[in-house]
Ligand code: IVH
């Protein structure tokens, strides 16, 4: 479409003006226009872009409202890994760090950039030609999740940088968090709407950033602080402080508390001052970070495994509190493990209310000698699960006794056992134990296993307690009347569950194996097993030696798999599941090419005969992936009637679009070893 110069210039001017207001409001905390005036500008820009859709650029402030909900996040590989920091807690730790740095650099004193350690979520933002193009979570440091649409809604993330030739291609690193005032407001709104409140700002930020519906993220007032560069392209700086100055000049929010300090005494003074300010800051921090300021020195120091030698996180001590042990309960987990759990007098510590804490196993219990009625010290730091640190023995009431795990399962009364080399005590009941059965079912229906929607924990409790379901296979025998007869079950929900169960029958061998909940067999192992053996029968009949020839399968894992399939109850459940229609495409191992690349498909619109789940299952059964949004890394878009923006995006990126009719031919070609190019269709 050709656009006259008038609207284009108007749009550019409006964008610039709105961006400037955004920066003053969200980054500098110093608004210069009223909300009403701001709204007028925004409405004008929206009107212009509606009239002339080609003016709707990705960096337009109108694009912060959120995109259409996606099915899942796409994985992205960081081009510069997102590493972690080593931690220090005491002055001795900090002194040793400073000493190591001085020794390595052969200098008497070192200048550091000292910064708050934000308690949020690390993200990496990619800018191309000064425009924000994609953003991802840290993930495992190598690959994270593409949360671009959500990050676009964060007002303190500039969608475009002031024009300079050096911003051709850079990654900005920093932390997404939610400030206290916004956190309070969010929780109030959640409460008023009858929704779940968040326990602390970090969880609220994490939940908001990982929303599949970015329109929801847009309502959450997330904030971004930049603290460095990943990929730095053509930029060159002398010091970390200069990097921060530059980021600030590009419109990013930088912690005003950062400082340039000298030597160990400078570090310790900074730590004390931040510890004193901590409760007054508008956001949570869990410590401070020291970085050698000179970038050349950073280079000299380099990295050890996954952390830089030139930086250290000086963490605040984990918060501790006193409380009372009201009871010690024994829980039975999915694999039968008996876990003693202390029920505590609720106490607020480390940002959450703690009501119970695991005591792990008999050995741990013996070591700490925690008894019912004891006063204990509990501790919680950051993301870490709360723990009982120690008993305050002088406050112990009279006539308490040591706690011992029972000799029979508290749930099913089967005998318990403890393997020689294990600390864990287990119930021998297997599926016959109601507790194990419930946990196994919860796992079986979970997203990465059979992915059945609508079967939550409460429902599974009811199904098992009423003896309607005793194994995974029983789920596929449920009917409408039974489901509708359950507490709080509407007819519509029952239908949805049945439809989802039906859809889940068409699965992949890898998912099925993972769903079975075999001990020591996670998703990755399940995938490797499926690829290696190709069919379930081959796997079920494999010897321990044959199992051990699978990548990453050692004697322990091989033994678990072998024992699982040797158990007649398990064999029966597997046979019933198959008899009730659970199926996947089996492959003969010889045809499987482990190095075959996995293609990404996006699905859009209504397909003529297949549901989306069914199409997904077919694609996954062929060893490929279905992604929620279209990006340059998507290989195919499977489109049906009334396809929307994904189709447009596919066209603009030149991605092949296929119809349902072409799906099986496409998959066959992809999986045909004689085909070389995956996108040659
Ligand atoms: S620099 C090479 N600076 O801490 C590592 N990280 O343990 C570069 N964090 O996930 C990280 N505040 O998200 C750096 N001022 C700060 C930080 C900071 C918080 C987080 C970061 C990372 C974790 C590392």
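The values are calculated or read from the model by the stated rules, or taken from the named source; none is laboratory data. The model shown is predicted, which means the values in this text are computed figures rather than measured ones. Reconstructed Cβ throughout: ideal geometry from the backbone, glycine too, with neighbour counts over all protein chains shown.
If you scan segment 269-308, which residues turn out to be free of Cβ contacts under 8 Å to residues at least 24 places away in the same chain and assigned to a helix (DSSP H, G or I)?
Residues satisfying the conditions are 269, 272, 273, 276, 277, 279, 280, 299.
Within segment 468-549, considering only helices (runs of 4 or more DSSP H) that don't extend past its boundaries, which have at least 1 residues that are touching a residue at least 60 places away in the same chain (Cβ under 8 Å)?
Counting at least 1 such residues, we get 472-475, 491-504, 509-515, 523-533.
Exactly one of (1) in contact (Cβ under 8 Å) with a residue 60 or more places away in the chain; (2) away from the ligand (no atom under 16 Å from the Cβ) is unmet by residue 395. Its number?
So the condition that residue 395 fails would be (1).
In the list 557, 573, 553, which residue meets the criterion of being closer than 16 Å to residue 444 by Cα and out of contact with any strand residue (DSSP E or B) (no Cβ under 9 Å at 6 or more places or on another chain)?
Testing whether each residue is closer than 16 Å to residue 444 by Cα and out of contact with any strand residue (DSSP E or B) (no Cβ under 9 Å at 6 or more places or on another chain) leaves just 573.
Within segment 185-204, count every residue that is more than 15 Å from the ligand (Cβ to nearest atom), closer than 17 Å to residue 285 by Cα and in a helix (DSSP H, G or I).
2
Enumerate the strands (runs of 3 or more DSSP E) found wholly within segment 74-176, keeping only those where 2 or more residues are within 15 Å of the ligand (Cβ to nearest atom) and closer than 18 Å to residue 228 by Cα.
The qualifying strands (runs of 3 or more DSSP E) are 111-118, 121-128, 131-137.
Hey, any hits in segment 329-341 for a residue that's more than 13 Å from the ligand (Cβ to nearest atom), more than 30 Å from residue 436 (Cα to Cα) and out of contact with any strand residue (DSSP E or B) (no Cβ under 6 Å at 6 or more places or on another chain)?
no
Step by step: first the residues of segment 335-359, then only those that are in contact (Cβ under 8 Å) with a residue 60 or more places away in the chain and within 25 Å of the chain's Cα centre (by Cα), then the one that is surrounded by the fewest Cβ atoms within 10 Å (Cβ to Cβ). Which residue is that?
The extreme case among them is 353.
So which of 662, 638 ends up being modelled with pLDDT of 85 or more, over 22 Å from residue 531 (Cα atoms) and assigned to a helix (DSSP H, G or I)?
The conditions single out 662.
Tell me which of these residue 674 doesn't satisfy, since it passes every other one: (1) over 32 Å from the mean Cα position of the chain (by Cα); (2) at pLDDT 85 or above.
(2)
For segment 205-219, enumerate the residues that are crowded, with 23+ Cβ neighbours inside 10 Å, away from the ligand (no atom under 16 Å from the Cβ) and closer than 21 Å to residue 286 by Cβ.
Within segment 205-219, just 208 meets the criteria.
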